[in-house]
Each structure stands twice: as structure tokens, then as C-alpha cells.
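Here the structure is laid out as C-alpha cells; the discussion comes afterwards.
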Amino acid sequence: MEPEAPFDLNSAIQHWRDNLAQSPAFSGENLNELESHLRDSIANLQTGRLSSEEAFLIGVRRTGDVGALQAEFGKVNSQVVWLDRFLWLLLGVQFWVFIVWADGVVGQSAVFVGLRGLNYDFSVHPTGISVALAIAADLSLFAGTLVIGSWLVRRQGQSLGRRVAKLLKRPSRLALGFGAFCLVWLSAYAVIVLVRTTLLRQPPRIVTAVSISDSLASLIHIIVLLALTLFVAKKRLHAAKV
Amino acid sequence: MLSKELVAASTVPLVLSILTEGETYGYALIQRVRQLSGGRIEWAEGMLYPVLHWMEEEELIESEWREAETGRKRKYYRQRKAGRKALDEEKQQWMAVHETLTKLWNPKPRSI
């Protein structure tokens with residue numbers, strides 16, 4: 001039999017704390033207080049004949065079950081819990097917008113290719129500005145999504161690197177989902193850039209009109225969505241500070 | 001052991017009463033209740049903190065992070081004016097229940 005690794009109380013406590021920190025029900029201060037409580041409890045238990053590992057296990061047990069603690073703290077921090085849910089919802093909506101948009105890219109490409117096949121006369125004005133605006137909006141949406149996503153991970157004072165390392169060690173649905181999201185986003189983005197540069201070189205009247213209205217509509221759409229997301233994120237940040 | 005409902009109802013007066021003895025922190029509060037009740041009142045320890053935070057919001061108590069003699073930081077709770085008033089009201093209500101039940105059960109409590 002291999003000898004067991006010696007028990008490290010501090011890393012055990014950190015692990016316990018990280019586990020709680022995954023829930024928005026606990027603010028950073030709540031976690032500090034619970035950790036202080038656990039350390040008091042362990043110190044007291046160790047004055048008996050318990051080893052640090054035994055004291056830790058009993059201390060954690062006495063402090064309370066994670067689910068029950070989460071429910072009770074969530075009642076006090078309900079605003080944060082709901083803002084967090086809403087933020088995730090908005091990220092979900094952005095994801096949905098992206099799917100619809102990628103779907104639109106495929107449709108536009110099909111129309112373009114089809115018109116070319118019919119020997120349509122490609123000799124009208126370029127759509128430079130609106131296309132550039134749409135591309136800028138797409139990029140800022142992507143950047144905003146990344147920033148808010150990473151902020152959600154970093155909340156509760158956890159470092160991004162440690163959290164990512166943890167997620168990679170135990171790949172949760174979140175990490176996989178977000179990774180896949182970024183990958184699909186990037187590849188689809190490459191496709192639309194390709195299609196739009198082709199459009200700029202040879203802009204047919206119909207494709208131009210469709211492209212301008214489509215770009216402007218998605219621009220407004222994205223701006224509204226971004227503004228709403230930023231508003232909620234700001235409120236959530238403020239709530240976390242209080 | 002106390003029922004869940006009684007534990008919930010008695011937490012606020014217990015906390016307020018202990019804080020009249022002076023400021024203290026969460027873990028010590030729980031230990032004090034355990035000691036005073038001879039272990040008959042057992043709180044799920046972590047559950048005390050949301051109650052304390054609620055009481056703080058209601059301005060019954062106030063808190064402060066301070067370094068303890070161990071070198072670690074602890075959050076100390078203190079009673080506020082409104083807390084003293086709330087405790088007086090709680091006292092009257094609990095005494096009313098207590099006196100009524102005592103009259104019914106004394107001098108000879110009926111055995112089952």
C-alpha cells in the first residue's frame with residue numbers, strides 16, 4: 001500500500017471555500033466569515049485529541065451542508081442571485097443571436113451564390129460603411145461576451161487562472177460550452193468576413209439592399225442587447241460591493 | 001432537542017440576549033448557546049450568519065471586522081438601540097407564554 005499524502009489543512013479549507021464560492025448566494029464577505037467560523041471550530045476541536053483532518057471533517061459537518069447554506073444565504077443575498085441569473089440569461093440570448101446570425105450568413109451566401117449562378121449583373125455601389133459598422137458591432141459583441149464571461153468566473157475573488165485550471169481538471173458543462181461557443185463564433189466569423197469581402201468586390205443591387213438593411217438591423221439589435229447586458233452587469237457589480 | 005420552528009423563533013431573542021453581555025463573534029455565540037442550554041439547543045452553525053445579516057439590515061445589531069488575539073480577523077457583532085427595544089418586546093412575549101404554561105403545568109405536571 002502506498003502511504004497517504006499528509007493532510008494539508010489550509011488547502012482543504014481553501015478547497016471547501018472554492019466549492020462554496022461557485023454559488024452567487026455567498027458574497028466574498030460571507031465566505032470570509034464562514035471561513036473564520038470554520039477555523040475557530042477546527043481550532044476548538046483540535047484542543048481535544050482530534051487530528052487536523054478529523055477536526056476539519058467535523059468542523060465542516062457542523063458548519064452545515066452546502067445546499068442548505070446556499071438556500072439560507074441566498075435569501076439574504078437574493079438580489080445578487082437574481083442579477084446573476086439574469087446575466088446568464090443575457091449571455092444565453094447573445095449566444096442565440098449568434099446562432100441566428102450565423103444562420104443568416106449561410107442564407108446570404110446561398111442567395112449570393114445563386115444570383116451569380118443566374119449571371120446577375122453585379123455592378124452597383126459598395127456597401128462599405130454599413131458592413132464595417134456591422135463587423136465592428138459583431139466584434140464588440142464577441143469581446144463583451146468574453147469579458148462578462150470571464151468576470152462571472154472571476155467573481156468572489158477567485159483568480160481566473162485557478163478557476164480555469166480547476167475547470168480543465170474537472171471539465172464542467174460551463175467550460176465545454178463556453179469553449180465550443182468561442183470556437184464556433186470564430187470559425188463562423190471567418191466565413192462572414194470571406195462572404196462580405198466578396199460582396200464588396202462585386203455588389204449587386206439586391207444583395208446590397210439586403211445587406212444594408214440586415215446590417216443596420218443587427219447593429220441596433222446588438223447595441224440594445226449590449227447596453228442591457230452592461231446595465232445588469234453594472235448593477236450586479238454594485239450589489240456585490242454592498 | 002428543540003423543534004425546527006422553536007429554534008427559528010428563538011434565534012433572534014437568544015442572539016440579542018447574549019449581545020447584551022457585550023460584543024462577540026459568531027462562533028462564540030453558538031458556543032455560548034450550546035453551553036447555556038446544556039446542548040439542548042443545537043443550531044446548524046452556518047445558518048446563524050444569514051440571521052445575523054438580516055438582523056444587521058434591520059438595524060438591531062451592528063458589526064465590525066477586527067483582528068482577534070489569534071491574529072486572524074473576526075467579525076464582531078454588537079447590539080444597537082433598536083435591538084434593545086426589540087429584545088424587551090420579545091421578553092414580554094416569551095414571558096407571557098412561559099407564565100401561562102407554568103400555571104398550567106404547576107404545581108403537578110401531569111405525567112403521560
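The values are calculated or read from the model by the stated rules, or taken from the named source; none is laboratory data. Worth saying up front: this structure is predicted, and the values here are computed from it rather than measured. Reconstructed Cβ throughout: ideal geometry from the backbone, glycine too, with neighbour counts over all protein chains shown.
Descriptive notes on the structure:
Quick grid of which residues meet (1) among the polar types (S, T, N, Q); (2) surrounded by 11 or more Cβ atoms within 10 Å (Cβ to Cβ):
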site	(1), (2)
B:Pro13	no, yes
B:Gly22	no, no
B:Gln35	yes, no
B:Leu52	no, yes
B:Glu69	no, no
B:Tyr77	no, yes
B:Arg84	no, yes
B:Glu99	no, no
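- Within segment A:73-84, considering residues that are touching a Phe, Trp or Tyr at 6+ places or on another chain (Cβ under 9 Å) and either free of Cβ contacts under 8 Å to residues at least 40 places away in the same chain or more than 13 Å from chain B (Cβ to nearest Cβ) (or both), the one surrounded by the fewest Cβ atoms within 10 Å (Cβ to Cβ): A:Lys75
- Flag if B:Leu16 is over 22 Å from A:Ser41 (Cβ atoms) and touching a residue at least 24 places away in the same chain (Cβ under 8 Å): yes
- Put simply, of B:Glu57, B:Glu89, B:Glu69, B:Glu23 the only residue that is within 14 Å of chain A (Cβ to nearest Cβ) and more than 21 Å from A:Gly74 (Cα to Cα) is B:Glu69.
- Only residues that are at pLDDT below 90 and either outside any helix (DSSP H, G or I) or more than 36 Å from the chain's Cα centre (by Cα) (or both) were counted in segment A:54-80, giving 3.
- Checklist (1) more than 30 Å from A:Gln79 (Cα to Cα); (2) of a type in the set (S, T, N, Q); (3) under 27 Å from the mean Cα position of the chain (by Cα) applied to A:Ser27, failing item: (1)
- Among residues of segment A:49-63 being within 13 Å of chain B (Cβ to nearest Cβ) and among the aliphatic types (A, V, I, L, M), the one that is nearest to B:Trp65 (Cα to Cα) is A:Val60.
- Just one of the listed residues (B:Glu56, B:Glu42) is out of contact with any strand residue (DSSP E or B) (no Cβ under 7 Å at 6 or more places or on another chain) and either in contact (Cβ under 8 Å) with a residue 40 or more places away in the chain or more than 23 Å from A:Ala43 (Cα to Cα) (or both), namely B:Glu42.
- Within segment A:1-29, the set of residues being within 14 Å of chain B (Cβ to nearest Cβ) and touching a residue at least 40 places away in the same chain (Cβ under 8 Å) comprises A:Leu9, A:Ile13, A:Trp16, A:Asn19, A:Leu20, A:Ser23, A:Ala25, A:Phe26, A:Ser27, A:Gly28.
- Taken residue by residue, segment A:30-48 has no member that is assigned to a loop (DSSP other than H, G, I, E, B), at the interface with another protein chain (Cβ under 9 Å from one of its Cβ atoms) and either within 23 Å of the chain's Cα centre (by Cα) or closer than 17 Å to B:Trp43 by Cβ (or both).
- Hey, B:Trp94 aromatic (Phe, Trp, Tyr), away from chain A (no Cβ under 12 Å) and surrounded by 10 or more Cβ atoms within 10 Å (Cβ to Cβ) or not: yes
- Criterion: surrounded by fewer than 16 Cβ atoms within 10 Å (Cβ to Cβ) and either touching a Gly at 6+ places or on another chain (Cβ under 9 Å) or without any contact (Cβ under 8 Å) to a residue 60 or more places away in the chain (or both) - qualifying residue of A:Ser51, A:Ser41: A:Ser51
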